[in-house]
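Shown next, in structure tokens, is the structure this report addresses.
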Amino acid sequence: MQTTAPETRTPPAARPLFDEEGFLHDHHLWTDDIATDIAALEGLTGFTEAHWRVLRQVRGKFERLGAIPNMRQVCRETRLSKDEIYGLFGSCLAIWRIAGLPYPGEEAKSYMS
């Protein structure tokens, strides 16, 4: 009789929070503290109300639609210009990562850089 080793599984608490690209595996785990930690890794510190407004708008749109909101909608809903948003974050990819949203895919990622 041949025996096999029991299947090993990584308990959820032991799994890494982030994938190899730095995106959260599960956007439901996102918190303000995680956002500021990710931002620090991106070289951003000193979040203002405008930063949080953008992050919450992007997260809310993703949660409702399951898709990337376009920049025009983000600008309109946050009352910030595209230049102001880029000044806050540097890129759409940084916004997406700091907002704790999952890996957007290679094609979308190329547009966000």
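By counting other Cβ atoms within 10 Å of each Cβ, how are ILE34, ILE68, ILE95, ILE85 ranked from fewest to most? Mind showing how you got there, number by number?
Values: ILE34 15, ILE68 19, ILE95 26, ILE85 22.
Ascending Cβ contact count within 10 Å gives the list ILE34, ILE68, ILE85, ILE95.
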Report summary line: Site LEU17, offset 7 angstrom along Cα→Cβ, radius 15 Å on amide nitrogen, limited to the range 74-104, gives 97-102
Report summary line: With 0.36 nm assigned to each residue of separation and the Cα-Cα distance removed, HIS27 to TRP52 gains 7.4 nm
Requested in this report: Sort the range 20-112 into rounded, prolate or oblate with this rule: let a ≥ b ≥ c be the square roots of the eigenvalues of the Cα gyration tensor; rounded if a/c is under 1.5, and if a/c is not under 1.5, prolate when a/b is larger than b/c, oblate otherwise.
Outcome: rounded
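At a Förster distance of 30 Å, what's the computed FRET efficiency of ALA67 paired with THR45, Cβ-Cβ distance as r, to 0.05?
That pair, ALA67 with THR45, gives E of 0.55.
None of the figures in this text is laboratory data; all of them are computed from the coordinates on show. The model shown is predicted, which means the values in this text are computed figures rather than measured ones. Please note: Cβ atoms are built from the backbone with ideal geometry, for glycine as well, and neighbour counts cover all protein chains shown.
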